[in-house]
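K.L.:
Before anything else, here's the structure in question.
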Amino acid sequence: MSKNNQQKRRRLYELPPVNSLPCIEFSGNREVVIEGSRGVMEYSTDCIRINTGGMVLAIGGRGLNLRCISDSALIIEGFILSVEFIV
Amino acid sequence: MILNLLRYLRGWVRFSVRGRYPERFINIALRNRLRLWGTERRGDELTACMYMRDYRAVRRYARGSGVRLRVRERRGLPILLRRYSDRTGLIIGAAAFVITVFVMSLFIWSIDITGLDTISVSEMRALLKENGVSVGAFRPAIDDSAVSRSIMLADQRVGWMAVNITGSYVSVEIKEESPSPEVESIVDPCNVKARRDGRIIRIDAQQGRTALKAGSGVVAGQVVVSGVMDDQLGGVRLVHAKAVVLAETDYHAQFTVPKTVTTYRPTGEVKQRLSADIFGSRIPLTVGGVSTVDVLSDETAASPDPLHVALPISLITRRLYALEQQEMTLDDNSAKELLLREARLYELFTLSGCTVKKRDVHFTSSGDVYALTADYICTENIAVQEKIGTE
């Protein structure tokens, strides 16, 4: 499949335009689902930093926990106060 | 819910991770496609959950990432099975229970029939049994629609029926065919004849020509009201004769009873036999009988129905009462009473459509028998319609 077609299809399904970027979904400030993670760089109850390949996603808050982790996705729950993209 | 069940079936471990870089341990685990859930960070300790099989593999990676693992909790079916693995009886019992429940659910436990009016329940049960539906029948072999179709074809009284199988319970709903009412023909020409010999008291002819008068005698088969009538042009016309012919009729009956009768009397000896009915087949639990040849027996069945669910198991108690023959000589009074009782039954059943005007009863004793001769004079409608013409 050509890159052009791939981008058209992603637009049709309202998906992020580039494959390599993570898909992040928030449920208020209590839960965030991150698809496309490459690893956990820091894990504490105040801050969780996730490597997503092109950038690092830093989630700050209180009582943060990783509810479920698989090789490409993870769910963070807790009281989220900030989101930082470190490129 | 489903995820929790799957985790329980596979078995899981809650463990703690201690070390300088627990993140490194998480990344190594994820890179090897090992799943983690329920992670919690408390100070420098991290706790997480993992499938049991994955945990065995992850211990190797823990050494590489410089952390120490410690199991906090083990849960799941494999743990339970391992704990009770030396209690073979318990495992066999549990397996036997599961197999028994599975096997029992393949058979019919009870049949409920509703909607019967003229057809008896036992008759319907027999029809269902002929078509393979009975207590203890193999459920997957029953084709409910074929059974209802076959019974509807076999018995014309069944107008509609449905066989519903819910688990091991069969409910049969029936609507009986309502018979079409007999319509009396008013156009077919016929005569009214006498059904019995007698003396005519009154003739109420609604149609037809009266051939006899009140007070005259009549013999069975004689025309009382004719369906052949003269018309004004000198010809004849045939009509549907209809009449009520009230006549006095005579009945004669004789009842006898021997002077010495043989009766059966219970000796007082009672024996009880128990048997278990499981899926329609009986298994005797106790044996034994009474000392006499002549026996009277009755049977009672007790079925457990916990929570109003009929089970295919019942305990049948059969009581045997020993009887002995006794010769009894009747005296005049008891013989007369016995014969009069028979005469009353005769009046009740044979003379049910008559009004008994006079009865003459003679009681005689001759030789070995007592006899009762009864002569009745009754009033009844002796009219019977008979078609004019040849068959």
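K.L.:
Kindly provide the set of residues from segment B:19-53 that are surrounded by fewer than 16 Cβ atoms within 10 Å (Cβ to Cβ) and over 60 Å from the mean Cα position of the chain (by Cα), ordered by number.
P.N.:
Listed by number, the residues that qualify are B:20, B:21, B:31, B:32, B:33, B:42, B:43, B:44, B:45.
K.L.:
Do we have any residue at all in segment B:123-133 that's over 25 Å from residue B:279 (Cα atoms) and charged (D, E, K, R)?
P.N.:
no
K.L.:
Right, here's the next one. Given the condition in contact with a helix residue (DSSP H, G or I) (Cβ under 9 Å, 6 or more places away or on another chain), closer than 28 Å to residue A:47 by Cβ, surrounded by 13 or more Cβ atoms within 10 Å (Cβ to Cβ) and within 14 Å of chain A (Cβ to nearest Cβ), answer yes or no: does some residue in segment B:68-79 qualify?
P.N.:
No, because not a single residue in segment B:68-79 is in contact with a helix residue (DSSP H, G or I) (Cβ under 9 Å, 6 or more places away or on another chain), closer than 28 Å to residue A:47 by Cβ, surrounded by 13 or more Cβ atoms within 10 Å (Cβ to Cβ) and within 14 Å of chain A (Cβ to nearest Cβ).
K.L.:
Keeping to segment B:265-278, report how many residues are surrounded by 13 or more Cβ atoms within 10 Å (Cβ to Cβ) and either in contact (Cβ under 8 Å) with a residue 60 or more places away in the chain or more than 28 Å from residue B:323 (Cα to Cα) (or both).
P.N.:
1
K.L.:
Continuing with this model, one more query. Do you know which of the residues in segment B:1-58 that are β-branched (Val, Ile, Thr) and more than 14 Å from every other protein chain (Cβ to nearest Cβ) is nearest to residue A:69 (Cα to Cα)?
P.N.:
B:13
K.L.:
List the number of the failed condition for residue B:56; all other conditions in (1) farther than 30 Å from residue B:151 by Cα; (2) of a type in the set (D, E, K, R); (3) touching a residue at least 24 places away in the same chain (Cβ under 8 Å); (4) exposed (fewer than 15 other Cβ atoms within 10 Å of the Cβ) hold.
P.N.:
Against the list (1) farther than 30 Å from residue B:151 by Cα; (2) of a type in the set (D, E, K, R); (3) touching a residue at least 24 places away in the same chain (Cβ under 8 Å); (4) exposed (fewer than 15 other Cβ atoms within 10 Å of the Cβ), residue B:56 comes up short only on (3).
K.L.:
Are any of the residues in segment B:7-22 free of Cβ contacts under 8 Å to residues at least 40 places away in the same chain, farther than 30 Å from residue B:143 by Cβ and not assigned by TED's automatic domain parsing to the domain that holds residue B:134?
P.N.:
no
K.L.:
Evaluate segment B:128-146: report whether one residue or more is closer than 16 Å to residue B:176 by Cα and not assigned by TED's automatic domain parsing to the domain that holds residue B:277.
P.N.:
Yes: segment B:128-146 contains one or more residues that are closer than 16 Å to residue B:176 by Cα and not assigned by TED's automatic domain parsing to the domain that holds residue B:277.
K.L.:
Of the residues that make up segment B:266-287, is at least one more than 48 Å from the chain's Cα centre (by Cα) and among the aliphatic types (A, V, I, L, M)?
P.N.:
No: zero hits.
K.L.:
Quick check on segment B:168-178. Is at least one of its residues out of contact with any strand residue (DSSP E or B) (no Cβ under 9 Å at 6 or more places or on another chain), among the hydroxyl-bearing types (Ser, Thr, Tyr) and in the same structural domain as residue B:120 (by TED's automatic domain parsing)?
P.N.:
Within segment B:168-178, none of the residues are out of contact with any strand residue (DSSP E or B) (no Cβ under 9 Å at 6 or more places or on another chain), among the hydroxyl-bearing types (Ser, Thr, Tyr) and in the same structural domain as residue B:120 (by TED's automatic domain parsing).
K.L.:
So, one more: Would a scan of segment B:182-199 turn up a residue that is under 30 Å from residue B:376 (Cβ atoms), in contact with a strand residue (DSSP E or B) (Cβ under 7 Å, 6 or more places away or on another chain) and free of Cβ contacts under 8 Å to residues at least 40 places away in the same chain?
P.N.:
no
K.L.:
Here's a follow-up. Quick check: is even one residue across segment B:93-100 under 30 Å from residue B:141 (Cβ atoms), away from every other protein chain (no Cβ under 14 Å) and at pLDDT below 90?
P.N.:
yes
K.L.:
Do we find that residue B:72 is closer than 30 Å to residue B:21 by Cα and touching a residue at least 40 places away in the same chain (Cβ under 8 Å) in this structure?
P.N.:
Yes, satisfied.
K.L.:
Within segment A:46-56, restricting attention to residues that are surrounded by 16 or more Cβ atoms within 10 Å (Cβ to Cβ) and touching a Lys or Arg at 6+ places or on another chain (Cβ under 7 Å), which residue is nearest to residue B:28 (Cα to Cα)?
P.N.:
A:51
K.L.:
Out of segment A:62-72, which residues are assigned to a strand (DSSP E or B) and at the interface with chain B (Cβ under 10 Å from one of its Cβ atoms)?
P.N.:
A:63, A:64, A:65, A:66, A:67, A:68, A:69, listed by residue number.
K.L.:
How many residues, within segment B:1-28, are more than 19 Å from residue B:72 (Cα to Cα) and assigned to a loop (DSSP other than H, G, I, E, B)?
P.N.:
3
K.L.:
Same structure, new question: Among B:105, B:85, which is out of contact with any Leu (no Cβ under 6 Å at 6 or more places or on another chain), among the polar types (S, T, N, Q) and more than 30 Å from residue B:13 (Cα to Cα)?
P.N.:
Sole residue among the options that is out of contact with any Leu (no Cβ under 6 Å at 6 or more places or on another chain), among the polar types (S, T, N, Q) and more than 30 Å from residue B:13 (Cα to Cα): B:105.
The values are calculated or read from the model by the stated rules, or taken from the named source; none is laboratory data. No experiment lies behind these values; they were computed from the predicted model shown. In this analysis, Cβ positions are derived from the backbone assuming ideal geometry, glycine residues included, and neighbour counts consider all displayed protein chains.
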